[in-house]
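A short worksheet on the structure shown next.
The values are calculated or read from the model by the stated rules, or taken from the named source; none is laboratory data. What you see is a predicted model, and the numbers here were worked out from it, not measured in a lab. Virtual Cβ from ideal backbone geometry, glycine too; neighbours counted across all protein chains shown. Side chains included, ligands, DNA and RNA excluded: accessible areas come from the protein's heavy atoms. Shrake-Rupley method; radii C 1.70, N 1.55, O 1.52, S 1.80 Å.
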Amino acid sequence: MTTTPQAVRRASPRTRRAATPPDPARPLLPDAEPVRLLDPTGTPLPARTDYPEPPVEALRELYRRMVLGRRFDTQATALTKQGRLAVYPSSRGQEACQVAAVLAVRDTDWVFPTYRESMALVARGIDPVEVLTLLRGDWHCGYDPTEVRTAPQCTPLATQCVHAAGLAHGEAYQGRDTVALAFIGDGATSEGDFHEGINFAAVFKAPVVYFVQNNRYAISVPLSRQTAAPSLAYKGVGYGVPSEQVDGNDPVAVLAVLTRAVAHARAGNGPFLVEAHTYRMEPHTNADDASRYRDGAEVDAWRDRDPLVRLETYLRARGVLDDAAVAEIAEQAEAYAADLRARMNEQPSVDPLSLFDHVYAEPTPQLVEQREQVRAELAAASDEDGKA
Ligand SMILES: Cc1ncc(C[n+]2csc(CCOP(=O)(O)OP(=O)(O)O)c2C)c(N)n1
Ligand SMILES: [Mg+2]
C-alpha cells in the first residue's frame, strides 16, 4: 500500500513528532541556568555527570592561588595610592574565574588576557613585577609572551579574540594540539572583533575557548544596556559554537566547565564559549568612582557570594583544609606581597630606545630614522648634563 498525502496528514501525533527533523541549534545552546556545583554557602549540590567535580588536589591548589591572587590584587591597588603604579584594574570578586581559567589549560597552551587579567597572569606563574610593568607605564609588556605562552594584556577591547583564533588555527595547522583561551569582558562582546574572531574560529574549527567574564558592567554601562540576549552565552549559537553558562563565583563549577570546554577544543571540535556570571567588587580601575553608577546594596549582595569564602567553607567541610593549612597559605601570600612591594619600590631602569624594539620583526625605514633622532636627542641632552 502506498502512503497518500491524506494518510500522512491523518498520522497519529506520535508519527508526526517522529517525522520532525531534530533542531540543529539545540545541542549548541547553553543550559537555561548557569552550572553550579556549590551553593552560595559552600554546600555541595547534587553531583552532575556532565560536569564531574575536579580532583581535590586541584581544588586545594585553586584555593591557594586564589588567596595569593587576592593578596596580589590588594597590594597592586595599594601601589596605585603610593604612586608606584599608573593605573590598576582590580579583579577582586572574580578570583574563581581568573584562577580556574589558568588551571584549566596546560603550560603549553596559550592565554590571551585583557587589562583585567593581572591576577590570572600571576596565577599562571608569571613574575608579578613583570605583570605590572605595563600598568606602571614602563613598557608595553614586562614578560616574554612566547616564553610564557601568554599574549600581552590587551587594552583595545576584543582584539585578543581574533589573535586567539589566528594562533589556534596556526597551531592546529601545524599538527599541534595547543588550545588558546581568550578572556573577554561582557562589554567587549558588543565589539566587532569578538564576532569576527568567534566566526573565524568556528569556520576553521580552531581550538579556542572564549571565556566571557560577565561582571555586569563595562565601566559604568550595566549589562541591561549592553545586550538584549537571554545571556551572553547565547551569542555562540549564531556562529555554530556550543556554549555554557556558569556561576562565576563558584570556583568548583568554573574549573569543571572550563576543563570540559578546553577538552572539547583540544579534541578538534572547534571553539567553545563559556559565560561566567560574576561581579567586579571594586571600581573599573582606581581612577573610577563606582558609587556614581551602582548602589551599595548591590555590592553588598555580591559580597555575600564571595568565591574565596565559598571554596574555603567547602574544603574545610570536606576535611581537606584546616586552620594550619589556611594559616600557612596566608603567610605565603603575605611574603609574596612583601616581595612585590619591595621590588616595585625600586626605580625601574628603562632604555627609551627600546620603544622601537619589537614593533615589527623588521623595522621600517621610518622607525629606523625616528630611532636615530631620539638617540641623537638623548646624546645631546646627556652632553648638556655633563657640561652643567
Ligand atoms: C575598542 C575599545 N573601545 C573602548 C575602549 C574603552 N574601554 C576600556 S575598558 C571598557 C569597558 C569594557 O568592559 P568589559 O568588556 O565588560 O570588561 P571589564 O572592564 O568589565 O572587565 C571600555 C569601553 C577600549 N579600551 N577599546
Ligand atoms: Mg565587564
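Below is a table of values for the structure above.
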quantity: Selected residue (only one of T227, T178 is among the polar types (S, T, N, Q), in contact with a strand residue (DSSP E or B) (Cβ under 8 Å, 6 or more places away or on another chain) and either under 30 Å from E53 (Cα atoms) or within 16 Å of ligand 1 (Cβ to nearest atom) (or both)); calculated: T178
quantity: Subset of segment 189-241 (residues that are open to solvent by 10 Å² or more (accessible area, probe 1.4 Å), outside any loop (DSSP other than H, G, I, E, B) and in contact with a helix residue (DSSP H, G or I) (Cβ under 8 Å, 6 or more places away or on another chain)); calculated: D193, H195, E196, N199, F200, A202, Y217, A218, V221, K235, V237, Y239
quantity: Filter result for the condition that a residue is away from ligand 2 (no atom under 15 Å from the Cβ) and in contact with a strand residue (DSSP E or B) (Cβ under 6 Å, 6 or more places away or on another chain), over A263, A253; calculated: A253
quantity: Qualifying residues in segment 357-388 (those that are modelled with pLDDT under 90 and part of a helix (DSSP H, G or I)) - the one most open to solvent (accessible area, probe 1.4 Å); calculated: K387
quantity: Residue selected from segment 206-247 under the condition among the small types (G, A, S) and closer than 21 Å to Q98 by Cα, by the criterion farthest from ligand 2 (Cβ to nearest atom); calculated: S243
quantity: Count of residues meeting criterion [open to solvent by 30 Å² or more (accessible area, probe 1.4 Å), within 16 Å of ligand 2 (Cβ to nearest atom) and touching a Phe, Trp or Tyr at 6+ places or on another chain (Cβ under 8 Å)] in segment 129-156; calculated: 1
quantity: Within segment 245-355, helices (runs of 4 or more DSSP H) holding 2 or more residues that are in contact (Cβ under 8 Å) with a residue 24 or more places away in the chain and open to solvent by less than 60 Å² (accessible area, probe 1.4 Å); calculated: 251-264, 307-317, 323-344
quantity: Residue among Y115, Y63 that is of a type in the set (S, T, Y) and either within 30 Å of E346 (Cα to Cα) or within 16 Å of ligand 2 (Cβ to nearest atom) (or both); calculated: Y115
